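Trainee: Submitted below is the structure of interest, expressed as structure tokens.
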Amino acid sequence: MKILVVGGGGREHAVIKKLLENREVTKILALPGNAGMEEEKVSLVSGITPTDGEAVAGFAAENAVDYAVVTPDDPLVAGVADALAAKGIPSFGPNKAAAIIEGSKVFSKDLMKKYGIPTAAYEVFDSCEAALEYLETAPIPTVVKADGLALGKGVTVAMTREEAKEAVVSAMEDKVFGASGDKIVIEEFLEGPEVSVLSFTDGKVVKPMVSSMDHKRAGDNDTGPNTGGMGVIAPNPYYTKEIADECMEKIFLPTIEAMNKEGRTFKGCLYFGLMITKDGPKVIEYNCRFGDPETQVVLPLMKSDLLTVMKATTEGTLSETDVQFDDKCACCVIAASDGYPKSYQKGFPLTIPEEIRNNTYVAGAKLNDEGVLVTNGGRVLGVTATADTLEEAISKAYEMVEKVEFENKYFRHDIGQRALKAGREQ
Ligand code: AMP
Ligand code: GLY
């Protein structure tokens, strides 16, 4: 069986490693992948833009791809799944109509309001003037969100009125996110621990994966700028059985039903970014795909066969399909280029010792002109350990990340510490 995986980061490397556990998989084409994905049976595809549905689907058809897996947000929002379907190629991931749940914050907020799904109170603006006027009297802190995709940078949690106004001006007047900032959402600031829950859905049932806790800030103790994620642990100690049941009843199933009623049936991985507030769990954001780096802890804990589950979401047979996770813990530490997410150097030789290769997910690497594997991004790779306890998983992950070598290696030293503390208090 030949599979096309669209995307090229650590998340895709984790998906590929998991798919390769299925013996029927004979070949994986990674479009574009990255040179650090040195797996048997994997080939990289260059020269095709992942968001170009026609080109991706054309390539898949010409190369007799049996099944495609589309994991990044922008190809999904651009309708790559629709283009594949038009060529008769089944794929994992929502169509364009459903991917809007991530592609437009205005859509997702309005959906939650219409169907009574708990989320922060909000206002929508399509004029900078009106937004600024609203901010004169809005409660502070507040949160300003660009409507469309913005490479994960479209959200400003503003602690002052000035900061909020600056965020509005940069999105709506300076157009730093292009058309994604034509509309904005200004919403109530919520407080509480955050939990990521990725789930499989075929539009009929929802099967949540193990919960996780991302660490978005660049520095130890959650200081410094926001990044794509510097590490992650699973399961998240704040996500108790009781909260999980409440989420299923008040958030997960209502969301799937709401999308069905809107004629936008969602199939694939629906990611619920939740905040456990004193008034119960609320949705901070939806993503129409696997999270990065959450995938790098969730899939190593998955017991069931990933390809089987993915195909069940496509075919609408998820209710009859087992989705099981190990009752263990996982920790992933990201090794980044020093200076990320601001300015950083790349192009340094990267050495991943053989003994940790199975636990390593490469996000940013390429072969240089001499054919040497070198760093090629802010986040270079993630190393994941699983163990019976979180403490053990953390210490194993740190032992392994120490073994990775490149010149300007930087990583946080406190991944999982907050979760350990929370776990002890419960
Ligand atoms: P996002 O880019 O949508 O993942 O949001 C980035 C981060 O902003 C989230 O992980 C939260 O920590 C924070 N955030 C988003 N919305 C709110 C909110 N309404 N109240 C407090 N924090 C928020
Ligand atoms: N880790 C958050 C995301 O994938 O959006």
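Trainee: Helix-only mean residue ellipticity at 222 nm, the chain, DSSP H runs n ≥ 4 weighted -39,500 (n - 2.57), per residue, nearest 500. What is it?
Mentor: Roughly -8500 deg cm²/dmol at 222 nm, from the helical runs in the chain.
Trainee: Still on this structure, please answer the following. Which order do peptides 150-161, 376-387 fall in by mean Cβ count within 10 Å, highest first?
Mentor: Highest mean packing first, the order is 376-387, 150-161.
Trainee: In the neighborhood of residue 183, defined by Cβ-to-Cβ distances under 12 Å, what is the net charge if each Lys or Arg adds +1 and each Asp or Glu adds -1?
Mentor: Result for the local shell: -2.
Trainee: Can you list residues whose amide H is under 5 Å from residue 92's amide H, if they're 5+ apart or on another chain and H is modeled 1.01 Å from N?
Mentor: Under 5 Å from the amide H of residue 92: 68, 69, 70.
Trainee: Right, another one. Using a 1.4 angstrom probe on the protein heavy atoms only, line up 59, 200 by accessible area, largest first.
Mentor: Of 59, 200, the descending order of accessible area is 59, 200.
Trainee: Separation of the stretch 239-264 and the stretch 316-340 by C-alpha centroid, Å?
Mentor: The two parts, judged by their Cα centres, are 20 Å apart.
Trainee: Ordered by packing density, taken as the mean number of other Cβ atoms within 10 Å over each peptide's residues, highest first, how do 330-337, 50-57 rank?
Mentor: Going from most to least packed, we get 330-337, 50-57.
Trainee: Would you mind working out the accessible area per residue for the stretch 1-73, using a 1.4 Å probe, and quoting it in Å²?
Mentor: It amounts to 38 Å² per residue over the stretch 1-73.
Trainee: For the stretch 291-392, just run the numbers: alpha carbon Rg, then divide by 2.2 N^0.38 Å, N being how many residues it has.
Mentor: For the stretch 291-392, the normalised Cα radius of gyration comes out at 1.34.
Trainee: Taking the square root of 5 times each eigenvalue of the Cα gyration tensor, what semi-axes in Å does the equivalent ellipsoid of the stretch 189-346 have, largest first?
Mentor: That gives 28, 19, 15 Å for the three semi-axes.
Trainee: Next question. Which whole number in µm²/s is D for the stretch 236-329 by Stokes-Einstein, with the Kirkwood Rh taken over Cα pairs at 4 °C and 1.567 mPa s?
Mentor: 88
Trainee: What is the projected area of the convex hull of the Cα atoms of the chain, averaged over all directions, in nm²?
Mentor: 19.8
Trainee: Return, for the Cα atoms of the stretch 22-135, the radius of gyration and Dmax in Å, separated by a comma.
Mentor: Every Cα atom of the stretch 22-135 included, Rg and Dmax give 18.9, 60 Å.
Trainee: Whenever you get a sec, line up 222, 147 from highest to lowest accessible area (probe 1.4 Å, protein heavy atoms).
Mentor: Descending order: 222, 147.
Trainee: Set the bar at 25 Å for Cα to Cα. Now go through 109/216; 250/278; 27/204 and name every pair that lies beyond it.
Mentor: 27/204
Trainee: In units of 2.2 N^0.38 Å, what is the alpha-carbon radius of gyration of the stretch 76-224?
Mentor: The stretch 76-224 yields a ratio of 1.18.
Trainee: Summarise the accessible area of the chain (1.4 Å probe, protein heavy atoms) by the percent that is carbon and sulfur.
Mentor: Accessible surface attributable to carbon and sulfur in the chain totals 47 percent.
Trainee: Continuing with this model, one more query. Using a 1.4 Å probe, what is the accessible area per residue for the stretch 238-301, in Å²?
Mentor: Accessible area per residue: 35 Å².
Trainee: What's the percent breakdown of Cα-Cα distances in the stretch 119-172 across 10 Å bins, shortest bin first?
Mentor: Result returned by the calculation: 24, 63, 13.
The values are calculated or read from the model by the stated rules, or taken from the named source; none is laboratory data. Keep in mind that this is a model prediction, so the values were computed, not measured. Here the Cβ is made from the backbone with ideal geometry for all residues, glycine too, and neighbour counts use every protein chain on show. When the accessible area is computed, the model is the full protein with side chains, heavy atoms only, and any ligands, DNA or RNA have been set aside. Shrake-Rupley method; radii C 1.70, N 1.55, O 1.52, S 1.80 Å.
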